[in-house]
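For reference, the structure is listed below as structure tokens.
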Amino acid sequence: MTAVVLNLENVGLTDEQFYQLCLANETWRFEQTAAGALMVMSPVGGSSGNREADLIGELWLWNRQTRLGKVFSSSTIFRLPNGGKRSPDVAWVRLERWEALSPEDQEKFPPLCPDFVIELRSRTDDWLQLQAKMNEYLEAGLKLGWLIDPKTQQVAIYRPDQAVETQFLPTTLSGEAVLPGFSLSLRF
């Protein structure tokens, strides 16, 4: 099952209305595209949930040692500058950008695009929708993103103003200048 998409482009939910919708339906996972489409996201299965936890753990451990930013799980929704409200599987924000937010913005859905994201394709995810989501992050200011597809054993690397690079698994990915010293060995 892929995400259910509701066309709300002409409805124009405000940020607060979207926030209240999420609070009133806390057992559901929502995202909203920059164009205004509301997406009801499917839950992931055990394999995908375990892979996601491993990825978060690797990034969290690196960040604990460097203290350069904040790591976020897939439960966090970011209000992107282009109007999208997105929840990456793994996200990281530079510390100075996070600390520049007000306590209220930190508590609700942070109004920024993460510096780094990982999207992990689960069996219910549509590949084209995931690619569009990665491009939406890039348009909103993403510095580095990895779209990992265990099914095809590949990862697509997204960087601003560059063509998407594809690597096949197993591989070791570099955090480059965005996550200095971070590397991730991938094999599924």
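Derivation of every value follows stated rules applied to the coordinates shown; laboratory data play no part. All values derive from a computational prediction rather than experimental measurement. Counting neighbours? That spans all protein chains shown, and the Cβs are built from the backbone with ideal geometry, glycine included.
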Cα centre as origin, Lys/Arg/Asp/Glu Cβ charges: the chain dipole, Debye: 420 debye
Among Lys70/Lys151; Lys70/Lys133; Lys108/Lys143; Lys85/Lys108, which pairs are too far apart, with a Cα-Cα distance over 18 Å? Lys70/Lys151; Lys70/Lys133; Lys108/Lys143
Burial-style ranking of 139-146, 164-171, average other-beta-carbon count within 10 Å with highest first, yields 139-146, 164-171
Does segment 44-186 come out rounded, prolate or oblate by the C-alpha gyration tensor, with a ≥ b ≥ c the root eigenvalues, rounded set by a/c under 1.5 and, if not, prolate when a/b is larger than b/c and oblate if not? rounded
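Once you keep just the Cα pairs under 8 angstrom separated by 6 or more residues, what percentage relative contact order results for segment 103-188?
RCO, segment 103-188: 21 percent.
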Restricting attention to the alpha-carbon atoms of segment 72-120, what are Rg (one decimal) and Dmax (integer), both in Å? 10.0, 30
Computed over segment 44-186: relative contact order in percent, which uses C-alpha pairs under 8 Å that are six or more apart: 17 percent
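How much net charge surrounds Thr14 when only other residues with a Cβ under 13 Å from its Cβ are counted (Lys, Arg +1; Asp, Glu -1)?
Combined, the nearby Lys, Arg, Asp and Glu give +1.
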